[in-house]
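Below you'll find the structure, written out as structure tokens, and then a few comments.
The values are calculated or read from the model by the stated rules, or taken from the named source; none is laboratory data. Note that this is a predicted model, so its numbers are computed, not measured. Here the Cβ positions follow ideal geometry from the backbone for every residue, glycine too, while neighbour counts run over all protein chains shown.
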Amino acid sequence: MKLINISKSKIIFLCLIYFFFGKISPGFSFPVNFQDADGRNIQIDTTPERVVSIVPSVTEIIFSINAGNRISGLTYHDTYPAEASFKKVVGGFFSPSIEKIEQINPDIIFITDLHQKLIKAFENQNCRLIHLKLNSVSDLNETIMLLGQIFDKKDEAEKLINNIKTELEHTALKIKPVPISEKKRVIRLMGREDIMTPGSDSFQNEFISLAGGIAPELNKKGQIITITKQEWIKFNPQIIYGCGEDKILKEKILTQPGWKDVDAVKNKKIFFFPCDLTCRLSSRTGYFISCLASKIYPDAFASNSFKDQITGSKLAVLDLDYVKSSEIINSSVYDFIHKTLLIQFKTPVSVLSSLEGFRENIRYAGNSYSPYQVWELYHNLGLDLSRQKLLESIGKQEADTSLLFTGADMDNLSVQHKSFKDMNVYALVTAGVKSNAMRMGRDTGLFYEPGTINMLILTSMELSDRAMTRAVITATEAKTSALQDMDIRSSYTPFVNPATGTGTDNIIVVKGAGTRIDNAGGHSKMGELIAKAVYDGVSEAVYKQNSIIQNRSIFHRLKDRHISLYGLISNCSCTENSGEFILEIEKILLNPGYAGFIESAFAVSDAYERKLVSDLSAFNMWCNAAASEISGQKITNLKDLISDEELPIVIKTALNALLTGIYYKINSHEQKN
């Protein structure tokens, strides 16, 4: 995130930040000699070619210093940046597959002290095991610099360090006006069965402090500790935040007496962030601390320290006769960089906007990205005032400017061009589908916000009013086709419903100039070009924004459906050693044959839920065969090992087949021993 330059004399936390990040040392060179967190003396003589990273924090940093091409294997937890989607998955963080790693023949494996089996398997082989220290915010700078040395990426490492420093300084400036007496008590919510939280020595409590909050001091150390009801009530958090399945605790425990009687619960100040932000020290640590601070002190983020103005721009070329210019403009609004795709026309045009209706005499059209830190502020201000602030920052007027608004980063814009003879079509698309994707006709609409999948359609022809309205239908159908071909799931009913869009999609169709066209439907060449451009644009934009590709791993597709491997056996009496069971499940799913079995179950399930399949007898035979193959013995009746009654019957049966096979395999092995 690009931020405004800030005078160091104004920064209240400058000394603290300097302590954490220090001064960047000059010049990297080989050989690189260091001692890792486990005391191993390491010498790197040349840039590694094949790297396996079992540590998501390290993986993200490696990509962020432009060394991602060196990564040959990672875990299924690694979903950022988008390029990680194409890397080989070697399992999960806790139990990666030794066999999959051996197939890579890595130069380096990045590990933690939790990977003892991995250490034992590779410590005498011709590869280096490296455990990098990432236990506190102050470790982050050193780790980035060291990785810069290892991968010969000095400049990139320095840039990343400076970016994080700048973000921390920016956050410090925003919360500086908050009096000490008004500092808020903040707690990280963790756990599944009981309320847990990070210990006093955890970097997650450092996040809270750097965001200006007061973290609990329970005199307990550790990355995760238990907090009693009495400790909870005494601390009385004013802000609670968590990630992922922490949401279960909100309904399960924070509705109970005592737990619900704290300020944060009573005032509905419970927030959830992506786990890859909350649970990692990484390249986005500065960004996350800024996001957290914006939730703790929203009023502080509503004030300006600097003038709203343009801070930079870059061209976005559109080869159309009636387009004068097209660029992405960076402008400061409430001290945060907004990125606006702005297309200027040589003469005023008409546009059809799903946000604003049919408009004439438009000189500018575009799509504007607002960063997360101001979302709550804009929600409170409303669309009209938010739009006015943005327009003022880029020096434009509402009367002749038509814009869409999104939380999808304009850096992830997809520009698609399709042509046939003299007919040209451009689709400019941003897309985010992880928070409010839905299936129209099935999911319930609860609120309204500006668009998440936004599309601008421009052609080299003059579209009649009829063609413009028909283009909206064509583009919408193409968008839905792209989402369904990627198996994007509804955020609200992911078990049973593929998404048709998000609840906040918008589109602008520009009338254009040139030969008049009266049809943009599916049977017309114009409709074909619009559909193809939108389809490719949505696919690319979803990949850029959400790291989702069609051929993603089975682990990611399970997660898309909100199916957790740990959750599957959380209430299962199938084993006393859940870790061993999880390891076996991951090993099975790393096998392409069994991954394909579950992928097929997904397809059968969607068809069955829509009554397109009525008889599951052949599918059930396949499930029995899979369980038999895994266990090494004939199985005719599957055990019901999954307690989740909401799982669709087809998916539940398929997963029970895997678990049943593993159950008999483990028990048979134990009996033999």
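Number of residues in region 615-648 that are loosely packed, with under 15 Cβ neighbours inside 10 Å, hydroxyl-bearing (Ser, Thr, Tyr) and more than 33 Å from the chain's Cα centre (by Cα): the value is 2. Those helices (runs of 4 or more DSSP H) of region 505-600 in which 2 or more residues are small (Gly, Ala, Ser), buried (at least 19 other Cβ atoms within 10 Å of the Cβ) and touching a residue at least 24 places away in the same chain (Cβ under 8 Å) occupy 525-546.
Here residue 651 clears all of (1) modelled with pLDDT of 95 or more; (2) more than 28 Å from the chain's Cα centre (by Cα) except the condition numbered (2).
A quick yes/no check of all residues on (1) among the acidic types (Asp, Glu); (2) farther than 24 Å from residue 516 by Cβ; (3) in a loop (DSSP other than H, G, I, E, B); (4) at pLDDT below 95:
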site: 442; (1), (2), (3), (4): no, yes, yes, yes
site: 447; (1), (2), (3), (4): no, yes, yes, yes
site: 457; (1), (2), (3), (4): no, no, no, no
site: 466; (1), (2), (3), (4): no, no, no, no
site: 470; (1), (2), (3), (4): no, no, no, no
site: 473; (1), (2), (3), (4): no, no, no, no
site: 477; (1), (2), (3), (4): yes, no, no, no
site: 483; (1), (2), (3), (4): no, yes, no, no
site: 491; (1), (2), (3), (4): no, yes, yes, yes
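Please count how many residues of region 415-436 are assigned to a loop (DSSP other than H, G, I, E, B), crowded, with 20+ Cβ neighbours inside 10 Å and either β-branched (Val, Ile, Thr) or touching a helix residue (DSSP H, G or I) at 6+ places or on another chain (Cβ under 7 Å) (or both).
Initial filter on region 415-436 (assigned to a loop (DSSP other than H, G, I, E, B)): 421-422, 431-436.
Among the residues that remain, those that are also crowded, with 20+ Cβ neighbours inside 10 Å are: 431-433, 436.
Now drop any that are not either β-branched (Val, Ile, Thr) or touching a helix residue (DSSP H, G or I) at 6+ places or on another chain (Cβ under 7 Å) (or both), which leaves 431-433.
Matching residues across region 415-436 total 3.
Cβ separations smaller than 6 Å between residues 6+ apart or across chains give the following pairs from region 233-247 residues that are among the hydroxyl-bearing types (Ser, Thr, Tyr) to residues that are buried (at least 16 other Cβ atoms within 10 Å of the Cβ): 241/271. Filtered by the rule that a residue be closer than 16 Å to residue 75 by Cβ and of a type outside the set (D, E, K, R), region 99-121 gives 101, 103, 104, 106, 108, 109, 110, 111, 112, 114, 115, 118. Taking each residue of region 291-309 that is over 16 Å from residue 392 (Cβ atoms) and looking for partners that are surrounded by 15 or more Cβ atoms within 10 Å (Cβ to Cβ) and basic (Lys, Arg) with beta-carbon atoms closer than 7 Å, six or more apart or interchain, yields 293/174; 296/184; 300/174; 301/174. Does residue 612 satisfy being over 15 Å from residue 563 (Cβ atoms) and surrounded by 12 or more Cβ atoms within 10 Å (Cβ to Cβ)? No. Checking each residue in region 212-221 for being of a type in the set (A, V, I, L, M) and loosely packed, with under 14 Cβ neighbours inside 10 Å picks out no residue at all. Residue 78 satisfies every condition listed in (1) under 19 Å from residue 595 (Cα atoms); (2) outside any helix (DSSP H, G or I); (3) more than 22 Å from the chain's Cα centre (by Cα) except (3). Entry remark, region 393-408: residues being charged (D, E, K, R) and surrounded by fewer than 15 Cβ atoms within 10 Å (Cβ to Cβ) number 1 in total. Do you know which residues across region 347-398 are without any contact (Cβ under 8 Å) to a residue 24 or more places away in the chain and not in a helix (DSSP H, G or I)? Selection gives 357, 360, 382, 397. Taking (1) modelled with pLDDT under 95; (2) surrounded by fewer than 18 Cβ atoms within 10 Å (Cβ to Cβ) in turn, residue 209 satisfies each apart from (1).
Per this entry, residue 246 is not counted among residues that are among the acidic types (Asp, Glu), out of contact with any Pro (no Cβ under 6 Å at 6 or more places or on another chain), surrounded by fewer than 21 Cβ atoms within 10 Å (Cβ to Cβ) and not in a strand (DSSP E or B). Quick one: count up the residues across region 50-75 that are free of Cβ contacts under 8 Å to residues at least 12 places away in the same chain and either within 17 Å of the chain's Cα centre (by Cα) or outside any helix (DSSP H, G or I) (or both). Matching residues across region 50-75 total 0. Has region 78-92 got at least one residue that is within 27 Å of residue 41 (Cβ to Cβ) and in contact (Cβ under 8 Å) with a residue 12 or more places away in the chain? Yes, region 78-92 has at least one match. For region 194-201, check the following and say yes or no: at least one residue is hydrophobic (A, V, I, L, M, F, W, C) and free of Cβ contacts under 8 Å to residues at least 12 places away in the same chain. Within region 194-201, not a single residue is hydrophobic (A, V, I, L, M, F, W, C) and free of Cβ contacts under 8 Å to residues at least 12 places away in the same chain. The set of residues in region 176-208 being of a type in the set (S, T, N, Q), in contact with a strand residue (DSSP E or B) (Cβ under 9 Å, 6 or more places away or on another chain) and in a helix (DSSP H, G or I) consists of 204, 205. The condition of being among the aliphatic types (A, V, I, L, M), over 22 Å from residue 140 (Cβ atoms) and surrounded by fewer than 20 Cβ atoms within 10 Å (Cβ to Cβ) holds for only one of 240, 270, 224, that being 270.
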